[in-house]
Amino acid sequence: MPVDKPAKRQNRKPGAKHRKPPAKPAAGPDEPLRIAKAMARAGLCSRREAERWIEQGRVNVNGRLLTTPAFEVTASDKVLVDGKPLPSAEPPRLWRYYKPRGLVTTHSDPQGRPTVFQSLPEGLPRVVSVGRLDFNSEGLLLLTNDGALARHMELPSTGWLRRYRVRAHGRVTQEALDKLKDGIEIDGVRYGPIEASLDSVQGANAWLTVGLREGKNREVRRILGHLGVDVNRLIRISYGPFQLLDLKPGEAEPVKRRVLADQLGPRLAEELGLYDPVEEERAKRKARNAKRSEEA
């Protein structure tokens, strides 16, 4: 019977540090991009939505109807979406927005209900949302002009905690909430680990703080309903490092580019065009010179 040989050890000098592979350089303006990525970069939609739009015959490249998303374009190609030129790609931007109750997080609603994108403050460009909040939920909704950035921030693999303040009618104990830390299965749907604390009780209602990392559809309402309480107000107060803070319903504030780049990390920030190594080094040099001047 063959025996597996042990993996060959690398001869590394004592004290030598493992070096990470160099960051992948960001795509230049003339380098080809998949059409769905180009549409997302232009802020029209997410990559997944772009693929659907292509299937629906809404995208034209150089006078020819596009029938597959497996197509690359460059800055010299003429791309039309619904007969309109593809907008020029702008650097990714992010806004914190307080979504009021009574709005649907979609660009159009078959039932004719008011949408988030019909109610945004003036001056915002075309944006897409990072995830969703349902019709009766309120609080922090992140908006971006870059579909690729939205897709990255939505992924559970980012590990970002979504935190909610919840008012619920009924009685629930901290002991029952503690059992959610290992996750729970309801009607065949598995929900991941949940952080939940009982903050206060006011008459027939209880206030709770709930944190989760997956964000399945109506997850908080379904889980607390399974515990015997009925959610009557749900406010998202944070999404990863970004917080609602003192925003009022309907207000939006931009996130500083430097803050966004720091939270995404240098590799992704550079890929998305948020991080410029030359500009970064210039800023560090300026800060060092300013510090020396203060010490002199």
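Every number here is computed from the coordinates shown, using simple stated rules; none is lab data. The structure displayed is predicted, hence computed values, not measured ones. Here the Cβ is made from the backbone with ideal geometry for all residues, glycine too, and neighbour counts use every protein chain on show.
State, as an integer percentage, the relative contact order of region 33-85 based on alpha-carbon contacts under 8 Å between residues 6 or more apart.
Relative contact order for region 33-85 comes out at 36 percent.
Could you give me the ³J(HN,Hα) list for region 238-248, computed from phi with Karplus coefficients 6.51, -1.76, 1.60 and θ = phi - 60°, whole Hz, x at Gly and Pro?
7, 9, x, x, 9, 10, 5, 6, 9, 4, 9
Please compute the net charge surrounding L212, taking Lys and Arg as +1 and Asp and Glu as -1 over other residues with Cβ under 9 Å from its Cβ.
+1
Can you list the HN-Hα couplings for region 116-130, worked out from phi with the Karplus curve (6.51, -1.76, 1.60; θ = phi - 60°), rounded to whole Hz and with x for Gly and Pro?
4, 6, 8, 10, 6, x, 5, x, 7, x, 5, 10, 10, 8, 8
Compute the signed sum of charges (Lys and Arg +1, Asp and Glu -1) over the other residues within less than 10 Å, Cβ to Cβ, of R162.
Within the 10 Å Cβ shell, the charges total +1.
Mind putting a number on the dipole of the chain about its Cα centre? Charges go on the C-beta only, +1 for Lys and Arg and -1 for Asp and Glu, and I need it in Debye to the nearest 20.
So the dipole magnitude of the chain works out to roughly 1000 debye.
Return, ordered by residue number, the residues of region 36-54 whose backbone nitrogen is under 17 Å from a label point located 7 Å along Cα→Cβ of A70.
Only 36-37, 51-52, 54 fall inside the zone, counting backbone N under 17 Å.
Please compute the contact order of the chain in relative form: average sequence separation of alpha-carbon pairs under 8 Å and at least six residues apart, divided by the residue count, as a percent.
19 percent
State log₁₀ I(q)/I(0) for region 33-85 at q = 0.14, 0.17, 0.26, 0.30 Å⁻¹ as given by the Debye formula over alpha-carbon point scatterers of equal weight, solvent excluded.
Debye intensities relative to I(0), on a log10 scale: -0.26, -0.40, -1.04, -1.46.
Just rank E55, E49, fewest to most, by other beta-carbon atoms within 10 angstrom.
E55, E49
Let me see the P(r) profile for the chain: every Cα-Cα distance counted, bins of 5 Å, each bin given as a percent of all pairs.
Using 5 Å bins, I get a P(r) of 1, 5, 9, 12, 13, 13, 12, 11, 9, 7, 5, 3, 1, 0, 0 for the chain.
In nanometres, what is the gap between the two model label sites at E55 and A287, each 7 Å from Cα along Cα-to-Cβ?
Once both label points are built, they end up 4.6 nm from each other.
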